[in-house]
Amino acid sequence: ADAAARDLRAALRATLLTRDALPRQIALNLAITGANLAAFAFCARATGTVLSPSETAVLVPLILLTMILPVTVSGWGLREGAAAGLFPLVGATAQAGFAASLAFGLVFLASTLPGLLVLLTQRRRDAAPIAPPSSIAQADP
């Protein structure tokens, strides 16, 4: 356990505290946040609600923040409830918030499917029996 803690500290130091790491981490996190905000706004638009950039910047982080509560799987249910509760603040209906959040959840789920294929392929490869070398497989007469 002590070695694992040292390894974790070293990894955190290398990824967060080196001279070039922190600006890269900040840039990547801002890009990821922007992509999530845009994805939700696009899902809202696809379901019939146009959110302005300021509405997106205010509402969507609050909606997506509910996903971190460890009481559901990937925020399903809580995210939709938050969207239904918050969309009326911008003049949209609760149903529109629910629809946008549901669309976002489905897009999010679909975006993870390639990773599932990689995991399944890796699992199959790890489970495949290893053929013995030909010299051992053949019995000597």
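Each reported figure results from applying straightforward, stated rules to the coordinates on display, with no laboratory input. Worth saying up front: this structure is predicted, and the values here are computed from it rather than measured. Here the Cβ is made from the backbone with ideal geometry for all residues, glycine too, and neighbour counts use every protein chain on show.
Points worth noting:
- Hypothetical label at residue 52: residues of region 59-102 whose amide nitrogen lies under 14 Å (7 Å Cα-Cβ projection): 59, 89-92
- Distance between the modelled labels on residue 18 and residue 95, one decimal in nanometres: 5.4 nm (7 Å Cα→Cβ projection).
- J(HN,Hα) series, region 9-16, from Karplus relation 6.51 cos²θ - 1.76 cosθ + 1.60, nearest Hz, glycine and proline x: 4, 5, 5, 5, 4, 5, 8, 10
- Prolate/oblate/rounded label for region 21-92 (Cα gyration tensor, a/c 1.5): oblate
- Distance (nanometres) between label positions extended 7 Å along Cα→Cβ at residue 35 and residue 119: 1.8 nm
- For log10 I(q)/I(0) by the Debye sum over Cα atoms at q = 0.11, 0.12, 0.16, 0.22 Å⁻¹, the value computed from the atomic coordinates appears in the list [x] -0.78, -0.87, -1.03, -1.13; [y] -0.64, -0.71, -0.96, -1.21; [z] -0.49, -0.58, -1.00, -1.45 under label [y].
- For region 21-28, putting each phi into the Karplus relation 6.51 cos²θ - 1.76 cosθ + 1.60 with θ = phi - 60° gives couplings of 6, 4, x, 5, 4, 4, 4, 5 Hz, in residue order, rounded to whole numbers and with x for Gly and Pro.
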